[in-house]
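Engineer: Pasting in a structure now, in structure tokens, and then I'll have a few things to ask.
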Amino acid sequence: MPIPRIRLALRDWDHLVPLLTGRVRARGVALEIETREVTPDVLAEPDLDGGETSFSRYALGRGDGDERLAGLPVFVMRGFRQRCVLVRNDSAFAAPRDLAGATIGLTGWPDSGNTWTRALLRAEGVDLSAIQWRVGPLTEGETGKDRLGTRPLPANVRVADRSLVDGLADGTFDAVFTPFMPPEMFTPHSRFRHLYEDHRGAEREYFARTGFVPGIHILALKREVVDGHPWLPEVLQDAFDESKRVWLQRRRLLTDTTPWLLDELETQARLFGADWMPYGAEANAAMVAAFCEELHEQGIAPRPIKAEEVFA
């Protein structure tokens, strides 16, 4: 019986390197991984069998009864969001509650990461409906991303008429939410700073309180691929898990790639345990439930989505 050839598209996350180089292989599958600059639209590409997919868009689709994708509880992108709130250097804002009634630019309205970031404000009692949200690219000329989704936008959400960087610099926006930093944040003369002065401390407290690092993107397969190979999701989850294990093992050995990576890895192990980005439905149940609640509370999902629906 011929071995099925499965083609996936994902960003080049470093924990995928063992799979990309062939050090780790998926059993019984000829796996091809194509790396992308932006998250692929799996359903729009006939040649793809699956790939990296927005967690929010997938969950919203499941809530609407859309079963064209079968999501795997393999969160290839996850991260804390406290670091993702930027303000100007001269801003008086220093905490989420200070953003009540502000004008905030963000990179996409239904995005998973921005949903988690808005949740930080909501947890501080900030009324999200009183904020003026402006959706646009981080820098001028960015393309290739659906920023609005397919649902009607709330009255206080509009398309920005400039990039987030330009709008924050000229005072159009009081703050911006972005998962990726503008280049000047890595220079000594940046016009911007993080809202949370000690975002690492805030993130540590968040993990102590919730027990998870927020999930942003998952691995998803087309439904017909899973129907044709029902064993495939388990095989791929095992392969991605092994790739992550080998990646961490190699990172702990080859720590001289950055000046303080060794200290980072030792601290990470002490704070988060053996695996801060676990795969599997059970390991992510609390995080998935919290995210589904946020989708509904923020008015993005018209009805509550049960956590067990997501990876059915």
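The values are calculated or read from the model by the stated rules, or taken from the named source; none is laboratory data. Just so we're clear, the structure is a prediction, and the values are computed from it rather than from any experiment. For neighbour counting, all protein chains shown are included, and Cβ atoms are generated from backbone atoms with ideal geometry for every residue, glycine included. Remember, those area values only see protein heavy atoms, side chains included, never the ligands or the DNA or RNA. Shrake-Rupley method; radii C 1.70, N 1.55, O 1.52, S 1.80 Å.
Engineer: For the range 1-71, which strands (runs of 3 or more DSSP E) that fit wholly inside it have 2 or more residues that are open to solvent by less than 10 Å² (accessible area, probe 1.4 Å) and within 23 Å of TRP231 (Cβ to Cβ)?
Structural biologist: Correct list: 5-11, 50-54.
Engineer: Go through the range 160-178 residue by residue and tally those that are under 22 Å from ARG57 (Cβ atoms) and modelled with pLDDT of 95 or more.
Structural biologist: Residues that pass the stated criteria total 4.
Engineer: Oh, and also: Sort out which residues of the range 185-215 are open to solvent by 30 Å² or more (accessible area, probe 1.4 Å), in contact with a strand residue (DSSP E or B) (Cβ under 9 Å, 6 or more places away or on another chain) and either of a type in the set (A, V, I, L, M, F, W, C) or farther than 20 Å from ALA94 by Cα (or both), and write them in order of number.
Structural biologist: Within the range 185-215, just MET185 meets the criteria.
Engineer: From the list GLY149, GLY141, which one is of a type outside the set (A, V, I, L, M), farther than 23 Å from GLN82 by Cβ and open to solvent by less than 40 Å² (accessible area, probe 1.4 Å)?
Structural biologist: None of the others qualify; the one that does is GLY149.
Per-residue answers, yes or no, for (1) over 17 Å from the mean Cα position of the chain (by Cα); (2) closer than 20 Å to ASP14 by Cα:
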| site | (1), (2) |
| --- | --- |
| SER243 | yes, yes |
| LEU265 | yes, yes |
| ARG270 | yes, no |
| ALA286 | no, no |
| ALA289 | no, no |
| GLU309 | yes, no |
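Engineer: Return the pair list, or none, for Cβ contacts closer than 7 Å from residues in the range 254-271 that are open to solvent by less than 90 Å² (accessible area, probe 1.4 Å) to residues that are charged (D, E, K, R), at least 6 apart or on different chains.
Structural biologist: Cβ pairs passing all conditions: LEU265/ARG251; LEU265/ARG252; LEU271/ARG204.
Engineer: Scan the range 283-298 for residues that are over 12 Å from VAL213 (Cα atoms) and open to solvent by 60 Å² or more (accessible area, probe 1.4 Å) and jot them down.
Structural biologist: GLU293, HIS296, GLU297, listed by residue number.
Engineer: Tell me which residues, restricted to the range 152-175, are aliphatic (A, V, I, L, M), under 18 Å from LEU195 (Cα atoms) and either under 21 Å from the mean Cα position of the chain (by Cα) or open to solvent by 60 Å² or more (accessible area, probe 1.4 Å) (or both).
Structural biologist: Within the range 152-175, LEU164, VAL165, ALA175 meet the criteria.
Engineer: Still on this structure, please answer the following. Name the residues in the range 1-32 that are within 21 Å of the chain's Cα centre (by Cα) and among the basic types (Lys, Arg), would you?
Structural biologist: ARG11
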